[in-house]
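Input: a single structure, listed below in structure tokens.
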Amino acid sequence: QESEKRFRMLIESSPEASVVHSDGRVVYANPAALALYGATHEDELVGRQIVDFVHPDSLPAVLARLKAIEKGATIQPIVELKNIKLDGTAIEIESQSVATVFDGLPAIRLSIRDVSARNRAEAARASLEAQLRESQKMQAIGTLAGGVAHDFNNILAAILGNAELARQDIGADHKALDSVGEIRKAATRARNLVQQILSFSRRQPTDRQPLNLIPIIEESRRLLRATLPARFSLEVQYAADTPSVMADATQIQQAVINLVTNAMQAMPDGPGLIVIEVDRVNVDAGLAAKNSALMALYQSHAGVAARLVVKDNGPGMTADIVARIFEPFFTTKPVNEGTGLGLSVVHGIIEAHDGAIVVESQPGAGATFTIYLPAANSGDAAAESPLRVNPADQATTQADGSHVLYIDDDESMVYLVGRMLERRGCRVSSFVDQSAALAALRADPAGFDVVVTDYNMPGMSGIDVAREVRLIRMDLPVAIASGFIDDALRELAEKAGVRELIYKENVTDDFCDTVMKLVTIAKRRD
């Protein structure tokens, strides 16, 4: 009696559920087991078949463990299974089986622990870890892509600029004109590819302002209808209550066009239907639980969002392809039929807009890309930069011998820009060393009309050069050229007294025009 009393005290006060079954029926359940399965009295469990509490997914494993004990095994190791509570709710448990004797009959004692909460926490942690790894991977590749794009811009600018000079030199009737034209065409395509890389790496500047998505989608539809083959149908559906978002119209349109183009390329052989939908959605905890990207959006921008869906009835994708779909340069298309950057660019654009993009697809069931963009606040307004970037009202007159100080650590750019400005009537003093250029300016401060400097240079950046120029001569106009201009550079340039920012890759178009504009301003001041 004392032994039984101690046994009951230990078992019935244990936080671990204990269930004893004999001949397949429950003969004992402690209070923790009652709580686990949602019972209020022992009679709700005792007498029932033990398999009544086993989830169908776990039934084969449970039957195998029962057979092992019947054949003489005294203990079965801890295993994770699914059980069913009295109300039908599925729970995840850890269970250990031990052969015993109960009321003089052979029986099996189960030690059961509910691990549902633990598994949910582990799944959430695994999801966050996967999200972190993905973010770090994309950031690393983005940094690499941005660096490559910066250096590549110099090469492309030199190619395009020298091709333009060659075109001017050889005249309209020269037989090499067609070859020069092909060089310019190929270099222009490469420049566009660099812009895609910068968009993917989120290093492309954005002009975000309150934006109604519906006109953007409508304009995209007009553009796409002119390019989609006749075998494709394109449908667009709008919800009148779609909220405005803080976005760059050009980049959002690029994302939509890339998604539709991707859908079209997924159906190369037959007719296809592509649908674009725009509506309103509430980003809440329920929606966030479906995807790690949505969870990140919920944590940073819970509440109303605009939802943009692009879906098709194409062949769909397997889970392993969906997992890699946004990786840069990953493509399922044949060689020479895609760069693998289209969806990476979309991912970069949406991430830069503080949004989320989710992919749903199964083989034979098409693919659905859903973009979530946080709604704009009622007080949001676009702020214009005080610095003009490549303004349109450029002066194109000759410079009449105005003296330009040009600084760039890339010798090919120094040679090219010098020749192009000289054709505009400028005198150009070019330097690849910043200290030498500043020394020349100190020696003759009044002898220069404009300073143009590259931004990204070793040792002393273009901002540093601009600050030094102001110390030497406060009123001397300074322009900075860069392949990447963002809000941070704009702010730094404004504080340093920089007059203009120039996109470096546009050397054949806007670069010289901007310099000539500054020359004109300097001449008027004189």
request  = For residues that are modelled with pLDDT of 85 or more, part of a loop (DSSP other than H, G, I, E, B) and surrounded by 15 or more Cβ atoms within 10 Å (Cβ to Cβ), tally how many sit in region 331-384.
outcome  = 5
request  = Would you tally the residues in region 267-286 being under 22 Å from the mean Cα position of the chain (by Cα) and either open to solvent by less than 40 Å² (accessible area, probe 1.4 Å) or at pLDDT 90 or above (or both)?
outcome  = 8
inquiry  = Residues that are charged (D, E, K, R) and open to solvent by 50 Å² or more (accessible area, probe 1.4 Å), at least 1 per element: which helices (runs of 4 or more DSSP H) completely within region 1-87 meet that?
reply    = 2-12, 59-70
request  = Considering each residue of region 231-252, count those that are in a helix (DSSP H, G or I) and open to solvent by 30 Å² or more (accessible area, probe 1.4 Å), and give that number.
outcome  = 2
message = Quick check on my filter: what residues within region 481-521 are open to solvent by less than 10 Å² (accessible area, probe 1.4 Å), modelled with pLDDT of 80 or more and under 30 Å from the mean Cα position of the chain (by Cα)?
response = Ala481, Ser482, Leu489, Ala493, Leu501, Ile502
query = If you take the residues in region 210-230 that are in contact (Cβ under 8 Å) with a residue 40 or more places away in the chain and open to solvent by 50 Å² or more (accessible area, probe 1.4 Å), which one is nearest to the chain's Cα centre (by Cα)?
reply = Pro210
request  = Give region 446-487 a look and list any residue that's over 18 Å from Val404 (Cα atoms) and in contact (Cβ under 8 Å) with a residue 12 or more places away in the chain, or say none.
outcome  = Asn456, Met457, Pro458, Gly459, Met460, Asp464, Gly483, Phe484, Ile485, Asp486, Asp487
message = The conditions are (1) modelled with pLDDT of 85 or more; (2) more than 13 Å from Met516 (Cβ to Cβ); (3) not basic (Lys, Arg), and Asp449 fails exactly one of them. Which is it?
response = (2)
task = Could you list, in sequence order, all residues of region 407-440 that are within 17 Å of Ala479 (Cβ to Cβ), of a type in the set (A, V, I, L, M) and part of a helix (DSSP H, G or I)?
result = Met413, Val414, Leu416, Val417, Met420, Leu421, Ala437, Leu438
remark   = Residue hits (region 261-306; of a type in the set (Asp, Glu) and free of Cβ contacts under 8 Å to residues at least 12 places away in the same chain) are Asp269
ask   = Any idea which residue in region 128-170 is farthest from the chain's Cα centre (by Cα), counting only those that are surrounded by 13 or more Cβ atoms within 10 Å (Cβ to Cβ), farther than 30 Å from Pro458 by Cα and at pLDDT 75 or above?
value = Ile170
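The values are calculated or read from the model by the stated rules, or taken from the named source; none is laboratory data. On a predicted model such as this, the values are computed, not experimentally measured, just so you know. Glycine also receives a Cβ, built like all others from the backbone with ideal geometry; neighbour counts cover every protein chain displayed. SASA here: full protein model, heavy atoms, side chains in, ligands and nucleic acids out. Shrake-Rupley method; radii C 1.70, N 1.55, O 1.52, S 1.80 Å.
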